[in-house]
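These notes are about the structure you will find just below.
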Amino acid sequence: MRRELKNIWEFVKNHFKNRVRTKKFLIWVIITPMLLIGFLNLIGGEDEIDAKIAVLDEDRSEISNLTMSLIRSEDRLDMREVGGFQEGIDMLKDGDVDAFFVIPEDFSDKWSDIRNDSEYHDTIALDVYHLRGAQEDLIRTILKGVTADINEFVLGEDMEKPVELVSRPLDLGERDWSYTDLLLPSGMMIVILQSGFFASSDNASALTEAMLDKRLGMSPVSSIYPISGMIIMDALFTTLAGLIALVSGLALFQIALPPLKFLLMIPLIFSSSLLFSYMGNCIGKLSSDRAATQGLSSMVVFPLVFFSQAYLFSTMFPDYVILISKFLPIYPAADVFKNLLISSPSISYVGIRLGQSFIWLIGVLIIFIYLYRD
């Protein structure tokens, strides 16, 4: 066993030297993650996405019906009417909506007071409940536009605007976050998947073309060990690319990640890198040449990239597609990254997801050993 481990270590060192000498590979590992995360940050913009909002009409008057109509007409809002205050709060806490808007029961009475005496009147306060950081700027901006439309429609352009929004954030004990932050775990998974898969598959096909895999098979030590050494080195480079993507994303998205969560992400990134590197090597081994390897790798990588979209995944696809995605090798790490970013998952939860990745790794290792059996 000592000889096998020494053999793995020698190939790890040699493969490291070969990779470092290749400038294009270093650009792929270092520059590409930063460019990808920067691009995702650019398209994320300023949270200009649709928001779901629950509305409680306690007044049930002509004016409140007008307000409801104006909210429905706002393209960026998906309005859901609720029958009670607690129902709206529960929907907000459960994540079914992004904000809860309350039209008070004295809404129409105050409008009557304003019409009768436009100079002396009470301000009409409309409460907006939301989670801290969860699209609150976007929601307030949209609803302010709605209240401005109400003022102008009812009172005219020249009169004082009495309606005010009262922001009432709910603190559930989690850090502030916005929906564009979910682009970061998606981008990280794309970097890890592509870096591990393409680098390792290309390396395997290059060995096959040069018939070096057969020469390794003739050595006293099984070719499984030296090839594993090369895969481990590729996984370490992929881990570096993933960490660069993570650090770049934290800076660009202005996310404050606690040190413990950052440290917890490192083994998750490495385990995913190792899994995808072994998968890529198996694809390269099955390919006839390097051109075929790129085609087969793309057939596997790009569907998985599609399922890495933690950003809007739950609303984009039907239930059966979401169910299938949970059994794919990219899901465990992507789900953990997302939850570490926006909440505080339990150790048991993280352990279960790591266990899922480990099961995938065992399955891929069995295939790898079968392909390189002497």
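The values are calculated or read from the model by the stated rules, or taken from the named source; none is laboratory data. Quick caveat, the model's predicted, so the values are computed rather than measured. Ideal geometry is used to build each Cβ from the backbone, glycine not excepted, and the neighbour counts take in all protein chains shown.
Some points to look at:
- Checked against the criteria, Gln356 counts as surrounded by 14 or more Cβ atoms within 10 Å (Cβ to Cβ) and modelled with pLDDT of 80 or more.
- Subset of the stretch 280-298 (residues that are part of a loop (DSSP other than H, G, I, E, B) and surrounded by 16 or more Cβ atoms within 10 Å (Cβ to Cβ)): Ser287
- Selected residue (only one of Leu193, Leu165, Leu172 is over 18 Å from Phe16 (Cα atoms) and modelled with pLDDT of 80 or more): Leu193
- Contact map, the stretch 258-287: first residue free of Cβ contacts under 8 Å to residues at least 40 places away in the same chain, second residue in a helix (DSSP H, G or I) and buried (at least 21 other Cβ atoms within 10 Å of the Cβ), Cβ cut-off under 8 Å, separation 6 or more or different chains; pairs are Phe262/Leu246; Ile266/Thr239; Phe270/Ala235; Phe270/Thr239.
- Reported count of residues in the stretch 249-265, each being over 14 Å from the mean Cα position of the chain (by Cα) and aromatic (Phe, Trp, Tyr), is 1.
- Residue match in the stretch 35-55 (condition: more than 20 Å from Ala148 (Cβ to Cβ) and modelled with pLDDT of 85 or more): yes
- Hits in the stretch 62-78 - residues which are more than 14 Å from Leu126 (Cβ to Cβ) and free of Cβ contacts under 8 Å to residues at least 60 places away in the same chain: Glu62, Asn65, Ser69, Arg72, Ser73, Asp75, Asp78
- Selection from the stretch 74-96 of residues that are modelled with pLDDT of 80 or more, not β-branched (Val, Ile, Thr) and not in a helix (DSSP H, G or I): Asp78, Met79, Arg80, Glu81, Gly83, Gly84
- Output for the stretch 246-257, where each listed residue is surrounded by fewer than 23 Cβ atoms within 10 Å (Cβ to Cβ), assigned to a helix (DSSP H, G or I) and in contact (Cβ under 8 Å) with a residue 60 or more places away in the chain: Ser248, Leu250, Leu252
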